[in-house]
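Reviewing the structure listed below.
The values are calculated or read from the model by the stated rules, or taken from the named source; none is laboratory data. Since the structure is predicted, the reported quantities are computational estimates derived from the model, not experimental observations. Cβ: placed from backbone, ideal geometry, glycine included. Neighbour counts: every protein chain shown.
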Amino acid sequence: MMVNLGGIVPLSTVDWPGRASAVIFLRGCHFRCPFCQNAELQSGWTPVEISELMDRLFPRRGAGQSILHEFSGSLRIDSVVLSGGEPLAQREAVIAIAGEVDARGLDLGVETNGYHPETLEALISEGHLCMVFLDIKAAPREDAYLRATGIRDALPRVLRSLDLIVEHDIPFEIRITVFPGMPSEDEVKEISDLLQRVKPRSLESVVLQQGIPPCGEFEPVSEEDLRRLAQSLKFNTRIRSLRRSVP
């Protein structure tokens, strides 16, 4: 089976906080967010056999014995994170990769915009999913989501993904990338209000990510302003800089 591969990070300690993860970036995304941080992965076609992808992540030794865990210095990979683009757009490939990851005794996390609840539900039903990083783009209003993503009718799909995560008690983190005025402080608080209404027991944290302009067209929201906004929310909230590039 082929996967439309965007890149690999062999070792990351930031994509899944507290874990040493390999990160697989997959191409393709329905959203057209105006300041997308990985716009180069929205489209394109770089097919790779999943078996080849696994060989890249887990090289073989000697007489064909597989290495179950990739080492980098003194850190051992204990998990794999699927990112993008929007990884869940590639349903069959993602399910196949999840099976390969599980067979190697590693945990699987997914960074998703929530647009593909069907794939999310399949991963949950197969018992493969250990962590979800759900990227909420705007306040839970259709007009706000249209402005933030460039497409109509995305919000019901995102809310369905959130419901699935909460219903099945999957550990998750909400990530909100904040640009000047998008989402506004009031919209961020609307997102917080949404979380209060659904009362998610498995929510580990809310992360306010500093949105970086692709071409330097504006100044990012300062970390000081993000910290102030974080303090106004009623959840365990931290901030994160997005000054990182995809390989």
- Assess whether Arg147 counts as being out of contact with any His (no Cβ under 8 Å at 6 or more places or on another chain) and either within 23 Å of Arg19 (Cα to Cα) or of a type outside the set (A, V, I, L, M) (or both). yes
- Message: Please verify whether Val110 is under 30 Å from Gly211 (Cβ atoms), in a strand (DSSP E or B) and either at pLDDT below 95 or touching a helix residue (DSSP H, G or I) at 6+ places or on another chain (Cβ under 8 Å) (or both), treating the condition exactly as stated.
- Response: yes
- Query: Where in segment 165-241 are there strands (runs of 3 or more DSSP E), lying wholly inside it, with at least 3 residues that are within 17 Å of the chain's Cα centre (by Cα) and hydrophobic (A, V, I, L, M, F, W, C)?
  - Reply: 172-178, 203-210
- Task: Please tell me if Ser222 is touching a residue at least 12 places away in the same chain (Cβ under 8 Å) and exposed (fewer than 15 other Cβ atoms within 10 Å of the Cβ).
- Result: no
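Pick out, from segment 1-91, the strands (runs of 3 or more DSSP E) lying fully within it that include 1 or more residues that are surrounded by 19 or more Cβ atoms within 10 Å (Cβ to Cβ) and modelled with pLDDT of 90 or more.
2-12, 21-26, 79-84
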- Task: Among residues belonging to segment 92-124 that are over 19 Å from Leu162 (Cα atoms) and among the charged types (D, E, K, R), point out the one that is surrounded by the fewest Cβ atoms within 10 Å (Cβ to Cβ).
- Result: Glu92
- Note on the structure: By residue number, the members of segment 167-186 that are in contact (Cβ under 8 Å) with a residue 24 or more places away in the chain and more than 21 Å from Pro34 (Cα to Cα) are His168, Asp169, Ile170, Pro171, Phe172, Glu173
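Among the β-branched types (Val, Ile, Thr) and closer than 23 Å to Pro34 by Cβ: does that describe Ile191?
Numbers: among the β-branched types (Val, Ile, Thr): yes; closer than 23 Å to Pro34 by Cβ: yes.
The answer is yes for Ile191.
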- Task: Name, by its number, the condition in (1) among the polar types (S, T, N, Q); (2) surrounded by 19 or more Cβ atoms within 10 Å (Cβ to Cβ); (3) touching a strand residue (DSSP E or B) at 6+ places or on another chain (Cβ under 7 Å) that does not hold for Thr149.
- Result: (3)
- Task: State the number of residues belonging to segment 187-198 that are out of contact with any Lys or Arg (no Cβ under 7 Å at 6 or more places or on another chain) and touching a residue at least 24 places away in the same chain (Cβ under 8 Å).
- Result: 8
- Message: So in segment 160-209, with the set limited to residues that are under 17 Å from Ile239 (Cβ atoms) and among the basic types (Lys, Arg), which one is surrounded by the fewest Cβ atoms within 10 Å (Cβ to Cβ)?
- Response: Lys189
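When only residues in segment 125-146 that are acidic (Asp, Glu) and in contact with a Gly (Cβ under 8 Å, 6 or more places away or on another chain) count, which is surrounded by the most Cβ atoms within 10 Å (Cβ to Cβ)? Walk me through how you get there before you give the answer.
Going through segment 125-146, the residues acidic (Asp, Glu) turn out to be 126, 135, 142-143.
Cutting the leftovers down to in contact with a Gly (Cβ under 8 Å, 6 or more places away or on another chain) gives us 126, 135.
Details: Glu126: 12, Asp135: 20.
In this case the residue turns out to be Asp135.
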- Just wondering, is there one or more residues in segment 126-142 that are more than 14 Å from the chain's Cα centre (by Cα), in a helix (DSSP H, G or I), within 24 Å of Val207 (Cα to Cα) and touching a residue at least 12 places away in the same chain (Cβ under 8 Å)? yes
- Query: Among the residues of segment 84-124, which ones are touching a residue at least 40 places away in the same chain (Cβ under 8 Å), under 17 Å from the mean Cα position of the chain (by Cα) and farther than 21 Å from Tyr145 by Cα?
  - Reply: Gln90, Ala93, Val94, Ile97, Asp107, Gly109, Glu121, Ile124
